[in-house]
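Here the structure is laid out as structure tokens; the discussion comes afterwards.
The values are calculated or read from the model by the stated rules, or taken from the named source; none is laboratory data. Bear in mind that the values here come from a model prediction, so they are computed numbers and not experimental data. Every residue, glycine among them, receives a Cβ derived from its backbone with ideal geometry; neighbour counts consider all protein chains shown. When the accessible area is computed, the model is the full protein with side chains, heavy atoms only, and any ligands, DNA or RNA have been set aside. Shrake-Rupley method; radii C 1.70, N 1.55, O 1.52, S 1.80 Å.
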Amino acid sequence: LAQSSQNLLKFIEQYLPLVTEGRYVQAQVNPNLEVAVFSQEKGEFIAPEQYLSQGTIEQIYLIARLALYRMLTGGRAGFMIFDDPFVNFDEARRAAVMNLLQKFAEHTQIILLTHSDMYKKFGKVIEV
């Protein structure tokens with residue numbers, strides 16, 4: 001479990017600055033795989049769900065889910081399905097996360113189900 005925590009932490013800290021525009025760069029992962037991030041304003045690690053906006057919380061936990069997926073698949077090719085996952089993101093957050101998903105999609109097929117057309121510029125669109 002300690003190795004899993006370290007792998008999760010490494011992945012989170014690699015992508016956390018990218019999706020939070022550098023606001024959060026350090027994280028902690030406890031033995032229960034709960035994530036905390038370092039807040040410059042508070043000068044300490046904080047639990048995201050207690051102090052951060054819903055959009056930032058979702059960004060942090062998306063990174064954690066991607067890390068867990070990568071750990072579970074051993075880095076082998078696979079796929080992920082998201083059902084309208086970014087409804088709480090403003091345009092800047094959405095763009096940052098979509099850039100992360102484009103990097104992740106180099107090794108994993110990403111299927112995004114949505115009724116919005118705002119994702120057309122990020123990949124192939126199939127209208128049903």
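The table below lists the values:
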read-out	value
Identity of the residue in the range 118-128, assigned to a loop (DSSP other than H, G, I, E, B) and under 25 Å from residue 56 (Cβ atoms), that ends up most open to solvent (accessible area, probe 1.4 Å)	118
Scope the range 53-85; condition farther than 19 Å from residue 24 by Cβ and open to solvent by 80 Å² or more (accessible area, probe 1.4 Å); matching residues	72, 76, 77, 79, 81, 83
Residues of the range 26-52 satisfying the condition of being out of contact with any helix residue (DSSP H, G or I) (no Cβ under 9 Å at 6 or more places or on another chain) and open to solvent by less than 60 Å² (accessible area, probe 1.4 Å)	38, 43, 46, 47
Qualifying positions in the range 86-110 - among the aliphatic types (A, V, I, L, M) and surrounded by fewer than 12 Cβ atoms within 10 Å (Cβ to Cβ)	87, 92
Within the range 1-20, considering residues that are of a type outside the set (Gly, Ala, Ser) and out of contact with any helix residue (DSSP H, G or I) (no Cβ under 7 Å at 6 or more places or on another chain), the one modelled with the lowest pLDDT	1
Residue that is farthest from residue 88 (Cα to Cα), among those in the range 1-25 that are open to solvent by less than 80 Å² (accessible area, probe 1.4 Å) and outside any helix (DSSP H, G or I)	25
